[in-house]
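Only one structure is covered here, and it is reproduced in the block below.
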Amino acid sequence: MKTNRTFTMIKPDAVENGHIGAILAKINEAGFKIVAMKMTQMSRRDAQLFYAIHAERPFFQNLVDFMVSGPVVAAILEKENAVADFRTLIGATNPADAEDGTIRKLFATSIQNNAIHGSDSDDNALIESEFHFATREIF
Ligand code: GDP
């Protein structure tokens with residue numbers, strides 16, 4: 001289903017390094033409207049479920065350890081073509097490959113500690129949004 005919404009998390013590395021404000025500014029400047037937002041810390045179970053698609057990958061345990069290591073800022077963003085445009089704004093998974101000016105180029109420190117999550121499809125945006133937010137928290 002096409003929703004013009006995507007889901008994001010500012011990851012524990014970027015929260016710890018003090019980049020919440022700068023990242024939200026980039027998101028606003030790029031024309032995204034914030035329709036839900038909260039600071040929260042995922043449990044191990046949450047992180048394992050959220051990244052279940054990567055369960056067989058060699059980096060899975062490290063990824064889960066990283067994602068539960070501190071709070072994240074979760075948000076739902078609205079804009080025409082939100083999923084694709086947000087993936088462009090955040091840049092490649094590995095910051096070494098990310099375009100100049102992208103959030104990961106600016107704030108990520110490694111392929112794992114890459115500052116921010118962005119949904120990869122409209123279907124996953126909806127699943128991930130509902131994973132983190134109750135209906136009454138979405139505006
Ligand atoms: P994304 O859609 O760009 O976030 O990338 P993926 O869905 O492929 O991977 C999910 C997350 O797993 C990434 O954002 C990274 O935090 C982490 N990750 C991806 N590839 C690697 C890797 O090769 N090593 C490690 N340690 N983490 C990785």
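Just so you know, all these numbers are worked out from the coordinates, no wet-lab data involved. Note that the coordinates shown come from a computational prediction; the quantities given were computed from them, not determined experimentally. Don't worry about glycine lacking a Cβ; one is built from the backbone with ideal geometry, like all the others, and counts go over all protein chains shown.
A few points about this structure:
- Spin-label model, Phe59 to Thr40: label points 7 Å out along the Cα-to-beta-carbon direction sit 2.4 nm apart.
- When only Cα pairs below 8 angstrom with a gap of at least 6 residues are kept, the chain shows a relative contact order of 39 percent.
- For the chain, the 222 nm mean residue ellipticity estimated from helices alone, with every DSSP H stretch of n ≥ 4 adding -39500 (n - 2.57) and the total spread over all residues, rounds to -10500 deg cm²/dmol.
- Residues listed by number, segment 114-128, amide nitrogen under 16 Å from Ala30 label point at 7 Å toward C-beta: 114-122, 125
- Added length on full extension, which subtracts the Cα-Cα distance from 0.36 nm per residue, Asn94 to Gln112: 5.7 nm
- For the chain, dividing the convex hull volume of the Cα atoms by the residue count gives 101 Å³ per residue.
- Distance from the alpha carbon centroid of segment 35-59 to that of segment 71-137 works out to 13 angstrom.
- Given charges at beta-carbon only (K, R positive; D, E negative), |dipole| of segment 5-137 in Debye: 300 debye
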